[in-house]
């Protein structure tokens, strides 16, 4: 570490700090997303083999509407079952039965995840740009190799995040 300058160490530290902030932002986004999805179906159980939901009182919600282009399926319990249920006030205020909307990755609830993902990518690109500039300023071979290794790692992470982001982007159907 003979030719390592203070600027290089500070730049690496700052870039790694930005990467850690991006990681924390990703973790917070995943946690928030999981909680928001779980809140609308709390207490309900999905049975993928039969494609139905069941409520805590063991009533079934059946699919009543499906739009594969938008990735939306609406499940509803029979109105008679919900209207006679003791837990109706805590479950739904609808007289038509409890509804659950199951959305694909293209749904609006994924908007916040996309926002957080773009913020994480922006932080990592900024850190990569700083390392790229420092690569030309570095004098020693050790410093350049270190910068190249960290820069390649950041580029791989950005590529993976961008690939996942493309999966969440809504697809426009032709008219």
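How many residues are within 10 Å of residue 117 (Cβ to Cβ) and within 12 Å of the chain's Cα centre (by Cα) if we restrict to the range 20-29? Steps first, answer last, please.
Our first condition is that a residue be within 10 Å of residue 117 (Cβ to Cβ); within the range 20-29, this holds for 22, 25-26, 29.
Pick out the ones that are also within 12 Å of the chain's Cα centre (by Cα) and you get 25-26, 29.
Of the residues in that region, 3 qualify.
Taking residue 121 and the conditions (1) touching a helix residue (DSSP H, G or I) at 6+ places or on another chain (Cβ under 6 Å); (2) within 20 Å of residue 28 (Cα to Cα); (3) at pLDDT below 90, which numbered condition does it fall short on, given that it satisfies the others?
Evaluating residue 121 over (1) touching a helix residue (DSSP H, G or I) at 6+ places or on another chain (Cβ under 6 Å); (2) within 20 Å of residue 28 (Cα to Cα); (3) at pLDDT below 90 leaves (3) as the failure.
Take residues that are within 30 Å of residue 158 (Cβ to Cβ) and in the same structural domain as residue 118 (by TED's automatic domain parsing) and tell me which of the helices (runs of 4 or more DSSP H) falling wholly in the range 1-105 contain 2 or more. First the steps, then the outcome.
Working: elements: 6-40, 79-83, 88-91.
Answer list for the range 1-105: 6-40.
Here is a list of conditions, (1) modelled with pLDDT of 85 or more; (2) over 30 Å from residue 136 (Cβ atoms); (3) touching a helix residue (DSSP H, G or I) at 6+ places or on another chain (Cβ under 9 Å); (4) surrounded by 14 or more Cβ atoms within 10 Å (Cβ to Cβ), and residue 18 meets all of them except one; can you say which number that is?
(2)
Would you check if there is a residue in the range 58-71 being farther than 30 Å from residue 9 by Cβ and buried (at least 16 other Cβ atoms within 10 Å of the Cβ)?
Yes.
Would you mind stating whether residue 104 is at pLDDT below 85 and more than 24 Å from residue 22 (Cβ to Cβ)? Give the derivation first.
Working: at pLDDT below 85: yes; more than 24 Å from residue 22 (Cβ to Cβ): yes.
Answer is yes for this residue.
The values are calculated or read from the model by the stated rules, or taken from the named source; none is laboratory data. These figures come from a predicted structure and were not determined experimentally. A quick note on method: Cβ atoms are made from the backbone with ideal geometry, for glycine too, and the neighbour counts reach across all protein chains shown.
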